[in-house]
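Undergrad: Dumping the structure here so I can ask a few things about it.
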């Protein structure tokens, strides 16, 4: 397994004149800012995290965005009101730090389709996470369910014109075209992100879209953990290492 070098010292990255372009930071949540848990609601969020993220956003002059598989309303359930740019549901739902939506607000799954997913989850042993813009089947408690869940999701996605997002013991159904890379690009077209050098930090396979977009726009990705393969340029061992790097 190839071990990537750690990213440059973050304090130095913020120093004036170190780079001709200012830094823009895009952060995943689960597995990046908080440790993974058996269930979505089982995460432990440090008391200081929300305050520290807002302080970091100020240091970056607003060029900080949370880009999560969770819905924005779910992020705020754990962090409180977030006065930062956010992309929820794998980039399906984007808003600026001012709370204004960026792009169209996508629809959720049709009730009939959601009922079908819920019935499958209950009968098959998955934990269902109903999101405003999709649904997720969690199987961390029984990894052997993966193939069954994926076969079901592929059929439903084809029938409902949806995309499938894979993660660590989770299979998600979301609208077509939504991903973390498209979210990053949408932010980078607007102030205060426009013209900055994007850095995307994440741990899961869905974060690769964000890292690739950051690289295409002259930045880079930072992988959290030891997942391979990855297009990241740098690596950090854990959420604790991310906190240390960012000075949270």
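Undergrad: Return the single residue from 151, 237, 121 with maximal mean-square fluctuation; model: Gaussian network over the chain, springs between Cα atoms under 10 Å.
TA: 151
Undergrad: Considering only DSSP beta bridges whose two residues both sit in the chain, what percent are antiparallel, to the nearest 5? Walk me through the intermediate numbers first.
TA: Numbers: 21 of 40 bridges.
In the chain, DSSP labels about 50 percent of beta bridges as antiparallel.
Undergrad: What whole number of Å gives the distance from the Cα centroid of segment 115-191 to the Cα centroid of segment 27-86?
TA: Their Cα centres are 20 Å away from one another.
Undergrad: Another question about this same structure. Which whole-number percent gives the relative contact order of segment 111-248, counting Cα pairs below 8 Å spaced six or more residues apart?
TA: Relative contact order of segment 111-248: 14 percent.
Undergrad: Something else about it: What is the order of 44, 172, 76, 129, fewest Cβ neighbours within 10 Å to most? Present the calculation step by step, with values, prior to reporting the outcome.
TA: Numbers: 44 8, 172 23, 76 15, 129 20.
Final ranking by Cβ density, sparse to dense: 44, 76, 129, 172.
Undergrad: Moving to a separate point now. What is the helix-to-structure angle for 207-216, meaning the angle in degrees between its Cα long axis and the longest Cα principal axis of the chain, kept from 0 to 90 and rounded to the nearest 10?
TA: Computed tilt is about 40 degrees.
Undergrad: Rounded to the nearest 500 deg cm²/dmol, what is the calculated helix-only ellipticity per residue at 222 nm for the chain, with -39500 (n - 2.57) per DSSP H run of length n ≥ 4? Write out the running numbers ahead of the final one.
TA: Numbers: 8 runs with 79 residues, N = 248.
Mean residue ellipticity at 222 nm (helix-derived): -9500 deg cm²/dmol.
Undergrad: To the nearest 10 degrees, how steeply does helix 49-59 sit against the main Cα axis of the chain, on a 0 to 90 scale?
TA: For helix 49-59, the angle is close to 40 degrees.
Undergrad: Also, quick follow-up: Could you work out which residue, out of 38, 192, 22, moves most in a Gaussian network model of the chain, that is, has the largest mean-square fluctuation with Cα springs under 10 Å?
TA: 38
Undergrad: Which percent of Cα pairs goes in each bin when the distances of segment 111-175 are cut into 5 angstrom slices starting at zero?
TA: With 5 Å bins starting at 0, P(r) equals 4, 19, 36, 28, 11, 2.
Undergrad: What order do you get for 100, 211 when you list them from fewest to most C-beta neighbours inside 10 Å? Please list the in-between numbers first.
TA: Numbers: 100 9, 211 27.
Fewest to most other Cβ atoms nearby, the residues stand as 100, 211.
Undergrad: Neighbouring Cβ atoms within 10 Å as the yardstick, rank 230, 32, 215 fewest first. Don't skip to the answer; put the middle values down first.
TA: Details: 230 20, 32 27, 215 17.
Placing the least packed residue first, the sequence is 215, 230, 32.
Undergrad: Which residue, 132, 111, 40, has the most motion in a Gaussian network model of the chain that connects Cα atoms within less than 10 Å?
TA: Largest GNM mean-square fluctuation: 111.
Undergrad: Using the alpha-carbon atoms, what tilt in degrees (0 to 90, nearest 10) does helix 146-160 show relative to the longest principal axis of the chain?
TA: 90
Every read-out reported here was derived from the displayed coordinates using simple, explicitly stated rules and does not represent laboratory data. Since the model is a prediction, treat every value here as computed from it, not as a measurement. Every residue, glycine among them, receives a Cβ derived from its backbone with ideal geometry; neighbour counts consider all protein chains shown.
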